[in-house]
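Here the structure comes first, spelled out in C-alpha cells, and everything after it is commentary.
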Amino acid sequence: MKTKQYISFLLLIAMTAIFLNACAPTTTSPEVQYVVVTATVAPITSTPDPCGAESIEAEVQKVHTYMRQFDDASSLAASRPQGELGDAIAELQKIRRETEDQPTPPCLTTLRTYQVSHMNSVINTLIGFMGGSDQATVDQGIAQARDLHDKYTLELARLLGVTVEPAVAAPSQTPSP
C-alpha cells in the first residue's frame with residue numbers, strides 16, 4: 001500500500017511541475033525558474049474491518065452476549081408462576097432493547113435478525129401465556145421461538161466456522177423387573 005502512495009505522490013509532484021511550467025510566462029532572458037512543491041502525507045490509520053477474519057469472532061461475541069443474557073432470563077421466567085411473569089417479561093424486554101441498540105456490522109445482520117426475532121417470539125408467548133392464551137397458541141409460540149433459536153445457533157456456527165452436529169438421542173433403557 002505504501003508503494004502505491006509513494007508512486008501517487010511522485011506523479012502528483014510531476015504533474016504539478018508540468019502544470020506550473022506550462023502556465024509560467026515565457027521570457028527571453030536566460031533566467032532559470034524553480035518551482036518548489038512540498039507535500040505532507042497524512043499518516044495512514046487503518047481501522048480493522050469488523051467483518052474481517054481477525055475481528056469477526058469479537059464482533060460475534062458482542063452480539064452473543066445478549067443472547068446468553070436473554071436465555072438465562074427466559075429460563076428464570078419459565079420457572080415462575082403465571083401470575084408472577086410481569087417482572088420477568090420486563091427484564092426480557094430490557095435485554096431485547098439493549099440488543100436492538102447495539103451497533104452491529106453488516107455481516108452480522110442475519111444473526112441479529114434471528115436473535116431479535118427469537119426474543120420477540122419468547123416475549124410475545126410469555127405475554128400471551130400470562131394473559132390467558134389457549135394452550136395451542138402458547139405451544140405454537142414456543143415452537144416458533146425454538147425454531148428461531150436454532151436458526152440463530154446455525155448462523156452463529158457459520159460465522160465462527162464451526163460445525164454443528166445434531167444431538168444424538170440417548171438410547172432408551174428398559175426398566176429391569
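The values are calculated or read from the model by the stated rules, or taken from the named source; none is laboratory data. Here the structure is a predicted model, which means the values were calculated and not measured. Counting neighbours? That spans all protein chains shown, and the Cβs are built from the backbone with ideal geometry, glycine included. With ligands, DNA and RNA removed, areas are computed over all heavy atoms of the protein, side chains included. Shrake-Rupley method; radii C 1.70, N 1.55, O 1.52, S 1.80 Å.
So the values come out like this:
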quantity: Residue in region 129-147 that is open to solvent by 70 Å² or more (accessible area, probe 1.4 Å) and in contact (Cβ under 8 Å) with a residue 40 or more places away in the chain present; calculated: yes
quantity: Entirely in region 1-120, the helices (runs of 4 or more DSSP H) that have 1 or more residues that are open to solvent by less than 80 Å² (accessible area, probe 1.4 Å), in contact with a Phe, Trp or Tyr (Cβ under 9 Å, 6 or more places away or on another chain) and at pLDDT below 90; calculated: none
